[in-house]
Amino acid sequence: LNDRVVYGAFGSYAEYTAVPIDKLVPIPDDLDTPTAVACMTQGLTAHYLASSVGAGISKPGNWLLIYGVGSGTAQWTAQMAKLRGYRVIGTTSRCKADLIDSASTGGDVATALGCDKLIVLENVPGKSYADYNSVDIAAEVMKITDGSGCSLVIDGVGKSTYEISLKCVSKRGLFVSFGNASGAVPAFPVLKLLEKSAYVTRPKLNDYVVTREELLERANEVFSWVKEGELKIRVDKVFSLEDAKLGHEYLEDGKGRGKILFKTSQC
């Protein structure tokens, strides 16, 4: 009673929500509530993407490709992958790259975004999100990796990038399709995987926090990284719950540069 807790659940666009007690995560005393809230869905998704989904296929020291590191889940995943010892290639739109405050990293935008190498894409005309055809991403990836490709390709974009992802994955590498920002990945023949003996998976968070022990283990490690300054959290904007429509429009326009929060009248 009266403990500060966070949770990830559908139906939470409300001032009060009924949540099973085993899904509640206690907030550490030395962590503020907005930061803890920001850590949940995207933070835990990034945690399993960087820590678990490629187990047995990819290992520290390998190259990873992560799309959209300028914001959202990918922004978290890139940093966590570096903490796990991977070499990270990220992509981002030019407008988001230009907005990154990289003063503390000597002007190195890639480092500011948690990447070893950064592929900057032109924006779709009149939009804030990237045009994935503006740069030959596969050619750039092969150049960076000396032709070997990436053992893990983490793709939250979907329809616009899945064919690029299949070109970028290494032999016996894993293509992880975890999001549909540009639309769902269409069905494709498994023979497309034959050339590289590649693997493909379409994971979801709930299957990586099946038990309470797993939920707390992931959450507590994310909280620990944040408190120790190893994981940088960028809360971009806070909208009132009444303005949820504006928040969604902000995201759909590709303007987000970090976590978007909604605040209830009780906060």
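The values are calculated or read from the model by the stated rules, or taken from the named source; none is laboratory data. Values in this document were obtained by computation on a predicted structure and should not be read as measured data. A quick note on method: Cβ atoms are made from the backbone with ideal geometry, for glycine too, and the neighbour counts reach across all protein chains shown. The protein model used for the area step is the full one, side chains on, heavy atoms only, and it has no ligands, DNA or RNA in it. Shrake-Rupley method; radii C 1.70, N 1.55, O 1.52, S 1.80 Å.
Each Cα pair under 8 Å and six or more residues apart adds its separation to the average, and for the chain the resulting relative contact order is 19 percent. Counting only residues at least eight positions apart within a chain, or on another chain, the lysines with an alpha carbon under 22 Å from that of LYS167 are LYS59, LYS117, LYS143, LYS159, LYS192, LYS196. Candidates THR92, VAL235, THR35 compared by Cα position along the dipole of the chain: farthest toward the positive end lies THR92, with charges placed on Cβ. Heavy-atom accessible area, probed at 1.4 angstrom with all protein chains present, ranks MET142, MET80 as MET142, MET80, highest first. The share of accessible area on region 112-267 that comes from carbon and sulfur is 50 percent, using a 1.4 angstrom probe.
Computed across the chain, the Kirkwood radius stands at 19.2 Å (inverse of mean 1/r, all Cα pairs).
Using a probe of 1.4 angstrom and keeping all protein chains present, the accessible surface of region 1-95 works out to 45 square angstrom per residue.
For region 151-219, the fraction of C-alpha pairs more than 20 angstrom apart is 37%. Across region 3-139 the C-alpha pair distances fall into 10 Å bins from zero in the proportions 11, 32, 31, 20, 5, 0 percent.
The helix-only estimate of mean residue ellipticity at 222 nm for the chain, built from DSSP H runs of length n ≥ 4 each weighted as -39500 (n - 2.57), is -8500 deg cm²/dmol after division by the residue total.
Computed 3J(HN,Hα) for region 69-85, one whole-Hz value per residue from the Karplus formula 6.51 cos²θ - 1.76 cosθ + 1.60 where θ = phi - 60°, is 6, x, 6, x, 4, 4, 4, 6, 4, 4, 5, 5, 4, 5, 4, 7, x, glycine and proline marked x. A protection proxy built from the mean count of other Cβ atoms within 10 Å ranks the segments 247-260, 199-212, 59-72, most packed first, as 59-72, 247-260, 199-212. Taking amide H positions as modeled 1.01 Å from N, with prolines and chain starts lacking one, the residues under 5 Å from VAL88 and 5 or more places away or on another chain are LEU64, ASP116, LYS117.
Given their separation in residues at 0.36 nm each and the Cα-Cα distance between them, ASP253 and ASP30 gain 76.8 nm when the chain is fully extended. Rolling a 1.4 Å probe over the heavy atoms of the protein chains gives region 147-267 an accessible area of 55 Å² per residue.
Backbone geometry of region 114-126 corresponds, through the Karplus equation with coefficients 6.51, -1.76 and 1.60 at θ = phi - 60°, to 3J(HN,Hα) couplings of x, 10, 7, 9, 10, 9, 8, 9, 5, 7, 4, x, x Hz, x marking Gly and Pro.
Taking every Cα-Cα distance in region 145-188 and sorting them into 10 Å bins starting at zero, the pair-distance distribution P(r) comes out as 33, 51, 16, 0 percent.
The residue among ALA110, VAL141, LEU191 whose Cα reaches farthest toward the positive pole of the charge dipole of the chain, with charges on the beta-carbon of Lys, Arg, Asp and Glu, is LEU191.
Partner aspartates and glutamates whose Cα lies under 16 Å from the Cα of LYS263, excluding those fewer than 8 positions away in the same chain, are identified as GLU15, ASP32, ASP236, GLU242, ASP243.
A Förster radius of 41 Å, combined with the Cβ-Cβ distance separating LEU99 from ARG172, puts the computed FRET efficiency at roughly 0.65.
Once all protein chains are placed together, GLU213 keeps about 130 Å² accessible to a 1.4 angstrom probe. For region 138-153, putting each phi into the Karplus relation 6.51 cos²θ - 1.76 cosθ + 1.60 with θ = phi - 60° gives couplings of 4, 5, 5, 5, 5, 5, 5, 9, 6, x, 8, x, 10, 5, 9, 10 Hz, in residue order, rounded to whole numbers and with x for Gly and Pro. Take each peptide in 148-158, 32-42, count the other Cβ atoms within 10 Å of every residue, and average; sorted highest first, the result is 148-158, 32-42.
Only the Cβ atoms of Lys and Arg (+1) and of Asp and Glu (-1) were treated as charged; on that basis the dipole of the chain about its Cα centre amounts to roughly 700 debye.
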